[in-house]
1. Ser71 is checked against (1) open to solvent by 70 Å² or more (accessible area, probe 1.4 Å); (2) modelled with pLDDT of 95 or more and fails just one. What number does that condition carry?
2. Do we have any residue at all in the range 11-24 that's in a helix (DSSP H, G or I) and either of a type in the set (D, E, K, R) or free of Cβ contacts under 8 Å to residues at least 60 places away in the same chain (or both)?
3. Can Leu46 be described as among the aliphatic types (A, V, I, L, M) and open to solvent by 90 Å² or more (accessible area, probe 1.4 Å)?
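The values are calculated or read from the model by the stated rules, or taken from the named source; none is laboratory data. Since the model is a prediction, treat every value here as computed from it, not as a measurement. Please note: Cβ atoms are built from the backbone with ideal geometry, for glycine as well, and neighbour counts cover all protein chains shown. For the accessible areas, the whole protein counts, side chains as well, though only heavy atoms, and no ligand, DNA or RNA atoms are used. Shrake-Rupley method; radii C 1.70, N 1.55, O 1.52, S 1.80 Å.
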Amino acid sequence: MSKKISLHVNGRRFDVDVEDEFAPFLQAEMAKDFNVEGNNDLKKVLHAYVKKTHELYLQEKEIQKIYTTIS
């Protein structure tokens with residue numbers, strides 16, 4: 001099954017179908033970065049992308065550190 005998640009950017013509605021199990025996590029994360037009840041501008045979308053990419057970068061560094069330690 002899948003669930004539809006919506007976000008408004010620059011006055012346009014974007015719908016994304018995601019797995020039911022993933023949907024609550026995505027909704028919670030989107031609520032941290034976006035106005036899920038209203039409109040979001042492109043600057044906000046770019047800021048959220050950079051923030052999430054930075055989080056991924058830090059996770060990758062930590063994984064490499066752990067891998068190096070156990071190798």
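1. Answer for Ser71: the failing condition is (2).
2. Taking the range 11-24 first, the residues in a helix (DSSP H, G or I) are 23-24.
Right, trim to either of a type in the set (D, E, K, R) or free of Cβ contacts under 8 Å to residues at least 60 places away in the same chain (or both) and you get 23-24.
Scanning the range 11-24, I find at least one residue that is in a helix (DSSP H, G or I) and either of a type in the set (D, E, K, R) or free of Cβ contacts under 8 Å to residues at least 60 places away in the same chain (or both), so the answer is yes.
3. On the way: among the aliphatic types (A, V, I, L, M): yes; open to solvent by 90 Å² or more (accessible area, probe 1.4 Å): yes.
The answer is yes for Leu46.
The rows are residues; the columns are (1) open to solvent by less than 70 Å² (accessible area, probe 1.4 Å); (2) not polar (S, T, N, Q).
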| residue | (1), (2) |
| --- | --- |
| Asp15 | no, yes |
| Gln27 | no, no |
| Met30 | yes, yes |
| Val36 | yes, yes |
| Leu42 | no, yes |
| Thr53 | yes, no |
| Leu56 | no, yes |
| Gln59 | no, no |
| Gln64 | no, no |
